[in-house]
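Values quoted throughout were computed directly from the atomic coordinates according to the rules given, and no laboratory measurement underlies them. This one's a predicted model, so the numbers in the text were calculated from it and none came from an experiment. Here Cβ is always computed from backbone atoms with ideal geometry, including for glycine, and neighbour counts include all displayed protein chains.
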């Protein structure tokens, strides 16, 4: 009887005890993440930082630096006006060239401007903010104070003598692409622009000797001055020394000269030594039998508002010109031949 009761009790226990249920893989994973979510969050953040931070703080600056270095800059217009011995007004248009897919904002910055290869810059120019994209225009309108007048004189001389002039622009602007952090890049760009190329083609297209002086001057005419550059230069009143075979013959004057891009035809007046010219033609050894005389011209000074501009004077003095004038014809006009 007791055995039967024990057996029945065992059967009841076996019937009551539930069969263990095997959990699925998904439920195990869910339980794991429910318990250890914070560990995985930390790991995720670390991975993101490891990947993103180098991109933002290493890759992004490197890309920006490369794009800045790879871009081009073209000066399409430069106007120098209202000059003084220490300053001038600058109105300049520059065009950015870039094939980059990034178009960051370049914030306004101060740029040191110099003749490429020069030991010192001649001025600091404030470059306005601009979006760096192909064809973007940069407009500069400001009074420029010359930090080194001698260095600017070297630049003016290079513009006068050379077919092309290289101008260096250096600064450290801030740059930002979209919502990425603002970074500082080095802007070191050399821009090549056309110079005046020794004023090749300069000519006196006509001149006349005056029997009565006008404002102390006894000759007047017209000169042709080519300007292949994009520069408009307010040079003031120019005085040019004239000589023949090394002998001084007087001076010519170009008043209120504004040299513009392209062909310039401007009035000229002169004070010439008419006596010396007549003696030269009446001398037995007159070498100019055809009446055409080669006059050498060299710049003497550039004056604006009563003040000499040393940098333009330096440029003018560096360039020697020769024009052939039919003096016999001019003398015949006033009945001296």
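Once Rh for the range 198-333 is found with the Kirkwood sum over Cα pairs, what is the Stokes-Einstein diffusion coefficient at 20 °C and 1.002 mPa s, in µm²/s?
This corresponds to a translational diffusion coefficient of 137 µm²/s.
Size descriptor for the range 78-206, Kirkwood hydrodynamic radius: 16.2 Å (Cα pairs only, one decimal).
Expressed as a rounded percentage, what relative contact order does the range 71-189 have, with Cα pairs under 8 Å and six or more residues apart? Don't jump to the answer; show the numbers that get you there.
Values: 271 pairs, mean separation 32.0, N = 119.
That works out to 27 percent.
Order these peptides, 253-265, 309-321, by their mean beta-carbon neighbour count within 10 angstrom, highest first.
On the way: 253-265: 15.3, 309-321: 20.3.
With the highest mean Cβ count within 10 Å placed first, the list reads 309-321, 253-265.
With no solvent and one point on each alpha carbon, what is the Debye value of log10 I(q)/I(0) for the range 227-287 at q = 0.12, 0.13, 0.21, 0.29 Å⁻¹? Results for the range 227-287 at q = 0.12, 0.13, 0.21, 0.29 Å⁻¹ read -0.45, -0.51, -0.85, -1.16.
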